[in-house]
Structure formats: structure tokens, C-alpha cells
Amino acid sequence: MPTTTIVHCWSAPRSRSTALLYSFESRPDCVALDEPLYREWLVAKKEGVERPYMEGMLTGDSDEAGIHSDKWVREQSPLMDRLIEAVEQLKEKGGVIFCKHMAKHDCVYDFCQELAAGDSVVHKHVLLIRDPVAVMSSWKQSGDVHGHAPTIDEVGILPLMTVYSKVVENNSPFILNSDELVADPAGTLTTLCHDLGIPYDDSMLTWEAGPHECDGPWAKWWYHQVHKSAGWQPRAYMKALSKYQTIDPTLLPALRASLPAYDFLNRLSHSYLNRGPAPSEIYEDPRNQHVLVWIGAPGRGRLVPREMACISPWDSSVQGGDAGWEGLRVYDGKIMHLDKHLQRLVHSAKALGFYETGKVHTREEVTEAITRTLAANGMRDGAHMRLTLTRGEKCTSSMNPNFNVYGTTLIVLAEWKPTEGATTYDNVKGITLITASQRRNRPDTVDSKIHHNNMINNILPKMQANYAGAADAIMLDVEGYVSETNATNLFMVRDDGVLLTPHADYCLPGITRSTVLELAKELGIPAFERRVSLAEFHAAAEVFTTGTMGELTPVTKIDGRIIGTGQRGPMTARLQAAYKALPKVVGYQLPEFTGMTNQ
């Protein structure tokens, strides 16, 4: 027997839902029903709802001019009866029954008792969403019908969440952002039809202007704009019709309540899920797609899913890169050099004057946030964390720290990240470096002893390296001596076995850098900090970089010059082995995580 697909499209009360109704009505195989739950909802809510057509809807009799009496009578039939009639109408060839529902009408729909007829009738649910800012902006155009101060229920975004919760387990809904229909009608409708299991038809792109047979009798009060349309118009045309609306402050409470629900649903929409490359193409470890991130001010931090992680546009890190940061690694249940990293974070915060402008996270609070983040993500090994401590949120847009009145903002971003991978380096084969045209900033401009977030001095050299096909770029100081790379500290080995690294006058005195110097002393390797020229690096027997994320990485070529034999040198390999053994004896021991099956 041919299949009939019943499409329940739930939405907020705006004209795009009616346009989608007309789009489906244009199909030769479709029966379109306009808000078939409306009367039942009015009956349930009649004490708290006023509509100019209330009498006709409730009694089926009205003397309202211009509306055929049959339409009032039609609304007296319950949804189930109308569906049975439509299924009978389509039984020979099958087809589509499109039901346009207002989300607030869900309270009178029995999701557990949907019309069933074996395999011949299939129910599909679509949630048509629209940015509530746009909804609110145009609300007063129909204020005489539904009132100028809408309730949250009237706006419809929160009821859409209720619909989602009722159908997601058994019949995962298709989330459709109506902006997609405006931007790409054919492509969006094709995708929608594919997900609904029905063929796409070009007839869905156009319809007759004016009133439609499927219109409910309330159309004369609501459908003025959509009756002027004759199909999905090009985006430029729609933009020309749009108005720059002011949002009435009385609508803000409903807007604040609606936005979180809209954001959640929008993240499930086709346009959001396909906003970039597929997850399999961008996540080196697929678990990183679903990590939890810690964000918040002292005493107000919390864990949020990756896609919901955000900070205020008034935060100092956004306003001016006013923040400090640290990178940490987790090895076999231990955080390497946690104390040293937290000490440097505190020193950066002191140098930036955070303690003079507001409440600052304590070391204990930071440690607790780190531990909770790692525990929530089940990370005990093979993970890297980026800690960011900003001056915090401002009460107004300004560079002035006097406006930072809410305390610092802490971000704990932990990811599954191997020491050798897409975001790090090959620690056996080695990497190629070039020399950047930018110089490392000097201490009297932006002091690198502060581990700050003003990173443009690092990003531009990294871009040069990308363009040149190199891993990173060497940065010279203002006098032309080597400082570091855009991301790591540098070491070189002379022909006589002496280990050299540039003075930390211009570069960050990295924790991995200091660890290598300590290891060299323990291993009896002569090591010195001094000015080192670029020519010395070009002629070195060995060169390697150091950093928390990538550990020790051999450099095999600089500016086209082959370093040593062009392969990892023996001293580099020796120091790498010594460094690899450190996590077994040093580091902050993490507590056991409740709920983990393998610790």
C-alpha cells in the first residue's frame, strides 16, 4: 500500500510558517492543514485568550464578512478526524499531509496516540525556528490581534523545546531554521524532503498570491504579508522588504527566556551542523567534539558543552586581549609541573594588575576547576589544557580597568591532544623553520615575562610559516639575535656538544625550557644561556624546540639550510628520553574520578 507521510510542522506565530504551508500545498500529492489544533487549544485556554474571531472558532458560526461559513464549520472537526479524511483522500497513490502547528498548541496534541495504519502512515515532526530577536522585532505588527505584550508561551520558542522533548526519543525531529529557507529555498527544501523520506518537487518554490483554500478562517487578521507573496523570493528581495525595527523594552523578558531555547535548537539545525567541514575532517580525536569547558568568575564558574561555551563581549580578553594564559599536559593521572604553571599565572596576573582591579581566582579555585574539568571529560592521560585568566567582565566597553567590577574570568579548555599530531609536531622526523620578518616585542613594549594574550606578534609569524610550508617561524629580537619561535623556545647544539639557548630577555622563559636546562645539568651536558645569532643556528649540529604541548621537537631545516645530518640528532634524542621519563616522578597527582571504568 502507498505510504502517506504526515508532517507535523511546529513553529512560532510568524509568516514563514504559513509560507512553508503554502510551499507544501503546492505539491500535487499534498493535503495542507492550517493549525488543525487551534480550536481545541482555544477551548482549553479560552479563559485567558482573547481573539476577534473567538465566537466563530468555538461555535462554527460567524457573520464575519469575507469568510466563507464552511471554513468555520471545518474547524469544528478534531485533528484525528481531519487526518483520517486526508489519509482516505490519498490512499490510492499516497502522498503528504502537511500540518502547520503553533508550538503552543502542543498541549492539546497526544504524541503517544498518533494516527497509525501499519506501514502505510508515517508521522514526521519538523521544528521551524527563527531567531526570537526577529520575532520580537515584528511582534507589534499584529498587536491588535494577540496583544502587544506577548507571553513566553505566545512567542513559541519554549513550547518548541517541549515538543522536542516529547518526540526526540522515538522520532527525532528535523530542526529547520527559517533563515535557511530564505537564503536557499531549493537546497533547503530538498534537504528537508530527503530527511522526511519524501521526494522533492519544484512546485514547492512558488504558489499563488492571495488567500488560499487551506487558510484557516483567521487568515484575514494574520496573513496580510504572506498573501502578498508568490513563492520563496531571492534573498536580496527579502532584504529589501525587511525593516529596521526597534525592540520594545517590554518584550525583553520574553526575549531573555526564549533565547537559550532557540540557541539549543539552532545548534541542531541543518545549517549549524553543516557550517563547516564534517567533524571527522577536523577533529583529530573525535572525543574533542563533545568536551566540556569550564568558564566563569570566582565562585560562579561552571562546566558547559563545547558548542555552548562563550564569554561576554564585555570581557577584557575580547575588549583588549587583557588576559594571561598557561598550557598544561596530563600524563598518566598527573598534571606536569602544575605548581610552576600556576605560579607563572599568578605572576602574570600580578604584573597585569589584576589584584588591584577586582576579585581574582585563587590557586585553590583554579586547581579545583582544572580537576573538575578533567574529571567531567574523563581525562587522565593524553590531554592538553589551556588555562586563560582574564581581567574579567566590564560594566561598559572601555580599556579602563576601573570598569572591571565582576572579578576575573577563568577558562579551562581541555582537549584530547597527543604530543605528536596535527596541532603539534613530528618529534622523530623533525620540522622545518623559517625566519619571520616580525621582531619579538621588547620588554619596554609588551614584556614576554608576562604570559599574556596579546598574541598578534606570534600569529603573524605563524602565518608566514604557513604560507612558506614550514612548521613555525624563528623570531629575532630588535638587535637581530634569535629569541624564540612564534610558539616555542629554541635550543641548538654546537659541534663540540655544547647546548645553547637564547637569553630570555625577549622571549618567554618557558617551563619546558627550564626543565631541559635542569636535565642537561643532571646528564652532564654543558649548557649556556647567551645571545645566539641566526648564523649560529644555521650552522648548528642540532636544533630543537621546546614547549608544553609538543615537548622536544627536532628541527631539520632552517631557511632552507639543512641542520646537521637533516635528521634528529643524538643529543636531542637523549634529552627527549629523559623528558619522557619525568611524568613518572613529578607532577600533581589527580584524584580518582567517580564513574570512570578505566583509571
Notebook entry, point to check: By the scheme Lys and Arg +1, Asp and Glu -1, what is the net charge of all other residues having a beta-carbon under 11 Å from that of Ser258?
Noted result: -2
Next item on the list: For an R0 of 35 angstrom, estimate the FRET efficiency from the Cβ-Cβ distance between Arg386 and Gln233 and round to the nearest 0.05.
Entry: 0.15
Checklist line | Counted charge near Gly56, where neighbours are those whose Cβ lies closer than 9 Å (Asp, Glu -1; Lys, Arg +1) | finding: -4
Item checked: On Cα atoms only, tilt of 15-25 relative to the major axis of the chain in degrees -> 70
Next item on the list: Just check segment 498-548 against the gyration tensor rule for me: Cα atoms, a ≥ b ≥ c as the square roots of the eigenvalues, rounded for a/c under 1.5, and otherwise prolate or oblate depending on whether a/b exceeds b/c.
Entry: oblate
Next item on the list: State whether segment 273-361 is rounded, prolate or oblate according to the following rule on the C-alpha gyration tensor (a ≥ b ≥ c being the square roots of its eigenvalues): a/c under 1.5 gives rounded; otherwise a/b larger than b/c gives prolate, and the remaining case gives oblate.
Entry: oblate
Note to self: For Lys462, give me every one of the aspartates and glutamates with a C-alpha distance below 14 angstrom, ignoring sequence neighbours fewer than eight places off in its own chain.
What the structure shows: Asp472, Glu484
Margin query: Tell me the relative contact order for segment 383-441 as a rounded percent, counting alpha carbon contacts under 8 Å between residues six or more apart.
Written below: 32
Notebook entry, point to check: Ranked highest first by average number of other Cβ atoms within 10 Å, how do 500-508, 301-309, 322-330, 41-49 line up?
Noted result: 322-330, 500-508, 301-309, 41-49
Notebook entry, point to check: Once phi is turned into ³J(HN,Hα) by the Karplus curve 6.51 cos²θ - 1.76 cosθ + 1.60 with θ = phi - 60°, what whole-Hz value does each residue of segment 506-517 show in order, with x for glycine and proline?
Noted result: 10, 9, 6, x, x, 5, 5, 4, 5, 5, 5, 5
Margin query: For a protection proxy built on the mean count of beta-carbon atoms within 10 angstrom, sort 14-21, 60-67, 563-570 highest first, please.
Written below: 14-21, 563-570, 60-67
Check: Taking all protein chains as present, what is the carbon and sulfur share of the accessible area of segment 230-360, in % to the nearest whole number, probe 1.4 Å?
Finding: 57
Checklist line | Relative contact order of segment 183-282, defined on C-alpha pairs under 8 angstrom at six or more residues apart (%) | finding: 20
Check: Of (1) 36, 29, 24; (2) 62, 26, 22; (3) 43, 34, 21, which one was derived for semi-axes √(5λ) of the Cα gyration tensor in Å from the structure shown?
Finding: (2)
Check: How much of the accessible area of segment 52-125, in percent, comes from carbon and sulfur atoms when a 1.4 Å probe is used?
Finding: 49
Next item on the list: Using only protein heavy atoms and a 1.4 Å probe, report how much of Asp119 is accessible, in Å² to the nearest 10.
Entry: 140
Checklist line | 10 °C / 1.306 mPa s Stokes-Einstein diffusion coefficient of segment 1-108, Kirkwood radius on C-alpha pairs, µm²/s | finding: 107
Next item on the list: Counting only C-alpha contacts under 8 Å and six or more residues apart, can you give the relative contact order of the chain as a whole percent?
Entry: 11
Note to self: Tell me the carbon and sulfur percent of the accessible area for segment 384-467, rounded to whole percent, probe radius 1.4 Å.
What the structure shows: 57
Margin query: Can you give me the accessible area per residue for segment 385-494, using a 1.4 Å probe, in Å²?
Written below: 43
Note to self: What does the extension gain come out to for Gln89 and Met54, with contour length at 0.36 nm per residue minus their alpha carbon separation?
What the structure shows: 9.6 nm
Item checked: Estimated 222 nm signal from helices in the chain, with DSSP H stretches of n ≥ 4 weighted -39500 (n - 2.57), rounded to 500 -> -9000 deg cm²/dmol
Item checked: Neighbour net charge for His451 - beta-carbon separation under 9 angstrom, K R +1, D E -1 -> +1
Notebook entry, point to check: Counting Lys and Arg as +1 and Asp and Glu as -1, each charge on the Cβ, what is the dipole of segment 1-112 about the Cα centre in debye, to the nearest 20?
Noted result: 460
Notebook entry, point to check: Does segment 371-441 classify as rounded, prolate or oblate by the C-alpha gyration tensor (a ≥ b ≥ c root eigenvalues; a/c under 1.5 gives rounded; else a/b over b/c gives prolate, otherwise oblate)?
Noted result: oblate
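The values are calculated or read from the model by the stated rules, or taken from the named source; none is laboratory data. Because the structure is predicted, anything quoted here is derived from the model rather than measured. For neighbour counting, all protein chains shown are included, and Cβ atoms are generated from backbone atoms with ideal geometry for every residue, glycine included. Please note that ligands, DNA and RNA were not included when accessible areas were found on the heavy atoms of the full protein model with its side chains. Shrake-Rupley method; radii C 1.70, N 1.55, O 1.52, S 1.80 Å.
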